[in-house]
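Please read the structure below before turning to the comments.
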Amino acid sequence: MATEGTVTGQEDARGTVHFLGHSHLDAAWLWSFEETKRVLGEGCENVLGLLEKHHFTFCQSSAQYYKWLEEEHPGTFEKVRKRVKEGSWEIVGGAWVESDANMPSGEALVRQYLLGKRYFARKFGVDVKVAWYPDSFGFPWTLPQIMRRSGMEFFLTQKLNWNDTVAFPHYFFRWTSPDGSSILAHEMVGAYDERVEEVRILDQLRRLKARHQVEDLLVLFGEGDHGGGVSDEMVQRALGFVRGERPVKGRFAASEDYLKRAAGKLGMAGLPEVKDELYFQFHRGTYTTQARTKRNNRKAECLLEAAEKFATVAHLEGLPYPAGELNEAWERLLLNQFHDVLPGSSVPEVYADSQKDFDWVFATANRLVSESLKAISYQADTSGEGRPILVFNPLSWSRSGLVELPAGALMEGDAVTDCEGQVVASQMVDGGKLIFRADDVPPVGYKEYRAAPAGGKPPKTTLTVEEGKGEVRLENEHLSVAVDRKTGLVKSVTDKDARREALKGPGGVIQIFEDAPVKGRTCVSSRTDAAIFDAWEVFIYQQEGGVRRVELDAPDEVKLVESGPVRARIRTVYRYSQKGREDSLFAQEVVLCAGSPLVEFKLDVDWHAEHRLAKVAFPLAVHGDFTTYEIPYGHITRRNPVSPEATLVERSKYEAPGQKWIDHGSEDGAYGVSLLNDCKYGFDVANDVMRMTLLRSAEYPFRLRAGFGLPPVEGAEGQLTDQGIHEAAYALYPHASGFGEALTARKAYEFNYPLMPLVAESHQGRLPKSMSFVSAHPDNVILTVLKKAEDSDAVVLRLYETSGRAAEAAIRLAWPIEGAASTNLLEGYEREVSTEGGKIAQEVSASEIATVRVDLKRPSRT
């Protein structure tokens, strides 16, 4: 019997080859976005010329590319439209671009399909069904739900063939999300740029048959990027199979046609099922390289969600809805989530262009937020003594937190008072800013505070600072935090609520690892060596002589810079020296605020290292073999990769992707510690030590340009990524119980979505001094989206279940409800939803992403 990968007689290779022309075009990589626009037009014209000569089928993904074609090459665009209509040109993917899938938020992945599929329907009249991720670097467990709820039926990749530890075991499988959503997935046998070589095709057919008893093989042929797509020679070779001149039959086919045929023969029920992430055992450095872009990404995602919410509220209060500007902002963000941009594997020119896009997004979204908050404030009753300060909450539950007012917002001698006129504690900080703690700010709403001449003493807070000989101790009602004066490290975090210590050793340790490329770690299937992918890979475990690490524990200074009553800060400055390089400086602040259960850290870095990787480490007094990580619209639990029980697949996850939080819990689930962050994506947790990767300093991938026939760039050799200024914030959240009961997801949202103050004018208004526009319950449900519907004046809400427990979501709105319906992620109607008692009741299954369209009774206002 033939086994997978063997070459035997011709009779073992019988079957049908389904040929599909393809040009894998990177939106940016070793070249700029502008260069891609040029190459796109040339490549499309080349393919269109070949379609005049031969009958074959070609495919291209990415709505962004078609929009570029429409804008830059309108004549070519019209010819493509004609080919799509006749069926010789297949649109695949459905998304705005072939994005990274690990780092974009859940909502960003939804918008990839919402904006992409709407563009394709509007311009071409097609409903794309094949999700297209041939080159992305791993896929979160929640992606099947996002794809299926966006109308996708199939998922295609070939990237798992690049695994470096264990070969991925399936070519066809049923991939199932935690909520139970499944999609037919195809890990291609070959690559996305085949040359129509008979030996390779016969070998791929044999492997497919040995593994799945399938005799139909999909071959994507063509040369991507600067290769012009397919060539006449490739088409001619494929025609040899179609005409029966080769050992196996051939036909030209669209990917959707091929996958429908495969689904019919295999049947979903008979496929092997994967209930897990598709972790990519390669390119682990992409969670960290180009830290500025990753920070921009997180900040833009959060800001756009907040801008949409308040723009919707303002619209319902009479302001025009800025749909065009919001959509353009999302499009620019989605473009920069392309799988060679956000992961950090492009050249400097790309990141200069990316920064311009993000600058535009920030300016636009901040302006929209400002306009919306002002419009809402004009309707509020802000009358009274002193100047009103409206504190806005973009999240769907009542929350408390720190508010920061700009310098000059208050007159000298003013105090901050709440709605009842009680003075609240406030504090002047750097730059003349003023901070105070706002309590119980209503969900997606506001609460009024006022600045007025102080009429009494501010209340005492629970925050205290004690400076001892060997340590500085910060304490509030929840935590007692001790910082060592000699090292600047956190020597103790006492959880006063649980009456236990959270650390088993010094925490907040900055670790610097040698991270130079080393040959010897290769893909299981292709033997491609990781050493050629400096910007993509983590090399710290391959260094000669073992892991080579320096821990920063001899600071230049340890200084108490704030001592309450609202916030206390200890600032420690470390210096890292590397021969031949300018010193790198790390200024890490340990922060404790009155009333907060978080130990916060603020890090400013001036980074000049070469081939180094920086992590921050927290050894926890919590023993457990598993850690839970936030992923897009969900979470996943991974085993300690060095556990005696760890499989090879689990051991390969020595660097793993996460988003706003990770949580390490005890074996019995009675205690845990969460690590929250505002811009990082790479983590590892082994033997109860939780680490977050901060920075890398790899070489830009200029040397790969030669492989695409591109000229060298003068002065590019040895140029390093990530040099210069960086900032990040993170926090420890010790808690009794598991992460779900402790509401870790909500704490992480609060950490990433700050309260928004607006210094307003005093006037009468019809809205009260404290107001919620939208709220969602229970605690394991988070409402992430409040927006105007794409095709009507209805309002769209999106929420997801955060802890793996089904719930009946109760959503309340400030406006009278006419009716509500559950929809898919593209806002397509599914079923009516109860609105009895003025409350939307939406059943949400465990780990489900739910969308509701609400029709409101719109009162006329004079």
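Each Cα pair under 8 Å and six or more residues apart adds its sequence gap; the mean of these over the residue count of the chain is a relative contact order of 13 percent. Helix 106-124 and the longest principal axis of the C-alpha atoms of the chain enclose an angle of approximately 50°. Global size of the range 97-170: 13.2, 44 Å for Rg and Dmax (C-alpha atoms, Rg to one decimal, Dmax whole). How large is log10 of I(q)/I(0) for the chain at q = 0.06, 0.10 Å⁻¹ when the intensity is taken from the Debye formula with one equal scatterer per alpha-carbon? Scattering profile of the chain, log10 relative to I(0): -0.42, -1.16. Per residue, the solvent-accessible area of the range 778-845 (1.4 Å probe, heavy atoms of protein chains only, all protein chains present) comes to 38 Å².
Over the C-alpha atoms of the range 553-672, the Rg to Rh ratio, Rh being the Kirkwood estimate, stands at 1.04. Using Cβ point charges alone (K and R +1, D and E -1), the dipole size of the chain about the Cα centre works out to roughly 780 debye.
W141 exposes around 60 Å² of accessible area when a 1.4 Å probe is run over every protein chain in place. Distance from the Cα centroid of the range 164-210 to that of the range 726-750 is 38 Å (rounded to whole angstrom). Taken about its Cα centre, the range 178-304 carries a charge dipole of about 320 debye when Lys and Arg each add +1 at the Cβ and Asp and Glu each add -1 at the Cβ. For the range 341-415 versus the range 590-635, the spacing of their alpha-carbon centroids is 25 Å.
In order along the range 766-780, the phi-based Karplus estimate (6.51 cos²θ - 1.76 cosθ + 1.60, θ = phi - 60°) of 3J(HN,Hα) comes to 7, 8, x, 7, 9, 8, 10, 9, 8, 9, 9, 9, x, 5, 8 Hz; Gly and Pro are listed as x. DSSP loop (so not H, G, I, E, B), at most 15 other Cβ within 10 Å: list which trypsin sites (Lys or Arg not before Pro) in the range 741-791 pass both filters. Within the range 741-791, the qualifying trypsin sites (Lys or Arg not before Pro) (loop, at most 15 other Cβ atoms within 10 Å) are R766.
Summarise the long-distance tail of P(r) for the range 190-294 by giving the % of C-alpha pairs beyond 16 Å. Summing the P(r) tail past 16 Å for the range 190-294 gives 71 percent. The helix-only estimate of mean residue ellipticity at 222 nm for the chain, built from DSSP H runs of length n ≥ 4 each weighted as -39500 (n - 2.57), is -7000 deg cm²/dmol after division by the residue total. R571 exposes around 80 Å² of accessible area when a 1.4 Å probe is run over every protein chain in place.
Note on K788: lysines with a C-alpha under 25 Å away, same-chain residues under 8 apart excluded, are K67, K117, K123, K299, K309, K374, K447, K839, K857.
For the chain, the longest principal axis of the C-alpha atoms and the axis of helix 63-72 are separated by about 80°. If the reach is capped at under 23 angstrom between alpha carbons, list the lysines near K491, excluding any in the same chain fewer than eight residues apart. Excluding near neighbours in sequence, the set is K469, K504, K559, K602, K615.
The charge dipole of the range 439-563, taken about its Cα centre with unit charges on the Cβ atoms of Lys, Arg (+1), Asp and Glu (-1) only, comes to about 260 debye.
For C302, C419, the ranking by accessible surface with the largest value first comes to C419, C302, using a 1.4 Å probe. Taken along the Cα-to-beta-carbon direction at a fixed 7 Å, the label points for V166 and S398 span 4.8 nm.
The amide H of D216, built 1.01 Å from its N in the peptide plane, has T16 as neighbours under 5 Å, considering only residues 5 or more places off or on other chains.
Shown in residue order for the range 813-828 are the 3J(HN,Hα) couplings computed by the Karplus curve 6.51 cos²θ - 1.76 cosθ + 1.60 at θ = phi - 60°: 10, 7, 10, x, 9, 8, x, 8, 9, 6, 10, 7, 5, 9, 6, x Hz (x for Gly and Pro). Kirkwood radius and radius of gyration were both taken over the C-alpha atoms of the range 601-648, and their ratio Rg/Rh is 1.07. Each peptide in 823-833, 680-690 gets a packing score, the mean of other Cβ atoms within 10 Å over its residues, and the list from highest to lowest is 680-690, 823-833. For the range 809-843 versus the range 642-673, the inter-centroid distance based on Cα atoms is 37 Å. For the range 72-202, averaging the sequence separation of C-alpha pairs within contact (under 8 Å, six or more residues apart) and dividing by the residue count gives a relative contact order of 20 percent. For the chain, the longest principal axis of the C-alpha atoms and the axis of helix 291-316 are separated by about 70°.
Averaging 1/r over every pair of different alpha carbons in the range 637-684 and inverting the result gives a Kirkwood radius of 11.9 Å.
With all projection directions averaged, the alpha carbon convex hull of the range 397-493 covers 8.2 nm². Distance distribution note for the range 268-341: the fraction of Cα pairs above 22 angstrom is 50%.
With one equal scatterer per alpha carbon and no solvent term, the Debye-computed log10 I(q)/I(0) for the range 315-413 at 0.10, 0.17 1/Å reads -0.47, -0.99.
Dimensions of the range 492-553 based on its C-alpha atoms, expressed as ranges along the principal axes with the largest first, amount to 54, 27, 20 Å.
Of the Cα atoms belonging to the range 623-730, the radius of gyration and Dmax stand at 18.4, 60 Å.
The values are calculated or read from the model by the stated rules, or taken from the named source; none is laboratory data. These numbers come from a predicted model, not from an experiment. Ideal geometry is used to build each Cβ from the backbone, glycine not excepted, and the neighbour counts take in all protein chains shown. Please note that ligands, DNA and RNA were not included when accessible areas were found on the heavy atoms of the full protein model with its side chains. Shrake-Rupley method; radii C 1.70, N 1.55, O 1.52, S 1.80 Å.
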